[in-house]
Amino acid sequence: MKITLKHFEIELSIAEGRFLGVGAVHYGPTLLRSPRLPWTFYTESDQGVRFEDYRFAKVVKSRGGGATIVFTSQGRWLPRIQDADAMGDARIKTRRLAAPTATFRWSFRPITERICENEWHGLAMRLEVESPSVPLHWMIEDTTWEIGGAAGGATLIQQDISTMDLEQSVTRKGAFSTIEKFFTDGWGGAYPMDM
């Protein structure tokens, strides 16, 4: 299934009713992300429930030119939660008789920004979650964007303080990590955690 929003085409990855995420995204003829690893979310509750397996419900088009992907998830038991007790030990949660259900509404709308004589087109995104029986405390967005559909040859630009090169070319066998190195080798000192 594909959603067309002005200059953009968003491909949904759906298999046997399961919503796997957003696949390919095109801007006109240009592929902005590869469909090989769908763009998705993982969520957890401190009440011992995780939502990671989604059922596709529908796509709702808005009058403003946007679209909302609606999908649901039945919670699964998460025995060991992220939080720890006062002694630093893992907190364990027991199973429930009935699994809670959450509804997700993932909205996209095309936007245009004009900066001097240049006009830039993009997508605004918002994710709404309705989970009446368990609040969600953790959400991880898992995605990649590769202009042309492949990361090879792209230049990564680091925009914060780091001990890595500020610009790096991506190669097939190269390694890249956004993990910060807070202690330095050689000249001593450490970077503040809030930089």
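Which residues, counting only those in region 106-149, are in contact with a strand residue (DSSP E or B) (Cβ under 8 Å, 6 or more places away or on another chain), exposed (fewer than 11 other Cβ atoms within 10 Å of the Cβ) and among the hydrophobic types (A, V, I, L, M, F, W, C)?
Once the filter is applied, which keeps residues that are in contact with a strand residue (DSSP E or B) (Cβ under 8 Å, 6 or more places away or on another chain), exposed (fewer than 11 other Cβ atoms within 10 Å of the Cβ) and among the hydrophobic types (A, V, I, L, M, F, W, C), region 106-149 yields TRP120, ALA124, ILE140.
Residue by residue, here is whether (1) more than 17 Å from ARG126 (Cβ to Cβ); (2) aliphatic (A, V, I, L, M) holds:
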| residue | (1), (2) |
| --- | --- |
| SER13 | yes, no |
| TYR27 | yes, no |
| LEU31 | yes, yes |
| ARG36 | yes, no |
| LYS61 | no, no |
| ARG80 | yes, no |
| MET87 | yes, yes |
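Residues that are in a strand (DSSP E or B) and modelled with pLDDT of 95 or more: does region 42-54 have at least one?
Let us first name the residues in region 42-54 that are in a strand (DSSP E or B), namely 42-45, 49-51, 54.
With the extra rule that they be modelled with pLDDT of 95 or more, the set shrinks to 54.
Yes, that holds for at least one residue.
Within region 135-144, identify whether any single residue is within 17 Å of LEU12 (Cβ to Cβ) and outside any loop (DSSP other than H, G, I, E, B), and answer yes or no.
Yes.
The values are calculated or read from the model by the stated rules, or taken from the named source; none is laboratory data. Because the structure is predicted, anything quoted here is derived from the model rather than measured. Neighbour counts are summed over all protein chains in view; Cβ atoms, including those assigned to glycine, are modelled from backbone coordinates with ideal geometry.
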